[in-house]
1. Of all the residues that make up the stretch 121-145, how many are more than 14 Å from LEU95 (Cβ to Cβ) and modelled with pLDDT of 85 or more?
2. Taking only the stretch 111-127 into account, find how many residues are without any contact (Cβ under 8 Å) to a residue 60 or more places away in the chain and within 20 Å of ALA56 (Cβ to Cβ).
3. Mind checking whether some residue in the stretch 157-166 is over 29 Å from GLY29 (Cβ atoms) and at pLDDT 85 or above?
4. What tally of residues in the stretch 53-72 results from selecting those that are modelled with pLDDT of 95 or more, in contact with a strand residue (DSSP E or B) (Cβ under 6 Å, 6 or more places away or on another chain) and more than 17 Å from ALA21 (Cα to Cα)?
5. Kindly indicate whether GLN180 is modelled with pLDDT under 85 and assigned to a strand (DSSP E or B).
6. In the list ALA100, ALA40, ALA104, which residue meets the criterion of being under 20 Å from GLY137 (Cα atoms), assigned to a helix (DSSP H, G or I) and at pLDDT 95 or above?
7. Residue check, ILE33 against (1) surrounded by fewer than 17 Cβ atoms within 10 Å (Cβ to Cβ); (2) among the aliphatic types (A, V, I, L, M); (3) assigned to a helix (DSSP H, G or I), all met but one. Which one?
8. Scanning for something at pLDDT 95 or above, under 16 Å from the mean Cα position of the chain (by Cα), buried (at least 18 other Cβ atoms within 10 Å of the Cβ) and closer than 24 Å to VAL116 by Cα, does the stretch 18-25 turn up at least one residue?
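The values are calculated or read from the model by the stated rules, or taken from the named source; none is laboratory data. Keep in mind that what you see is a predicted model, and the values were worked out from it rather than measured. Reconstructed Cβ throughout: ideal geometry from the backbone, glycine too, with neighbour counts over all protein chains shown.
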Amino acid sequence: MPIRYFDMFAGIGGFRSALEAIGGFECVGYCEIDKYARQAYEAMYDTRGELFFEDATKIVPEQLPDIDLICGGFPCQSFSIAGARRGFDDIRGTLFFEIARIAAVKRPEFLLLENVQGLLSHDKGKTFETILSALDGLGYDVAWQVLNSKNFKVPQSRNRVYIVGCLGEKCSGEILSFTQASAETPVQRKLYAGREGLLC
């Protein structure tokens, strides 16, 4: 059985491209508000039979099919050091909570999220702690790591924080094992029920 996923804030399909390359994944729907990004997405991928949502805030979770995974690069402009860094005071900064809202109802086993590295330092770490607390409250064991795209055969230097959530503790210690941790880029982990540590 394929792993069924919902592609939120899909852009032009970064997550989808990777999941299709791996194989064993089935997209049940996608969400993207930018019409040009959506046009590119639909040109590159076969989206026939999949649900489409333009506005994440208008998704009714109960109307979604069962899913195993939510992936999404939730909007980063309000956390980036290149911008005003208004965080949750910027409407784009609150869109993470749309992921949490859907996860609370659909209970996918996994979450795979991405954002700018500045998310970790925004408001002295309080913003990221709020995100971690929200996921913890939903029962997700969470790990995160900053990765640079140049280390994965992509022709650009682009640091991003990747966040992996696993519902409950059954995969505790196994997520984000695709790269070794180092002193510079440790795999951070926040366990279910608020326990924290480093995966090394």
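1. So the count comes out to 15.
2. Residues meeting the conditions: 6.
3. Yes: the stretch 157-166 contains one or more residues that are over 29 Å from GLY29 (Cβ atoms) and at pLDDT 85 or above.
4. Number satisfying all stated conditions: 6.
5. Judged against the criteria, GLN180 is not a match.
6. Result: ALA104 is the single residue among ALA100, ALA40, ALA104 that is under 20 Å from GLY137 (Cα atoms), assigned to a helix (DSSP H, G or I) and at pLDDT 95 or above.
7. (3)
8. yes
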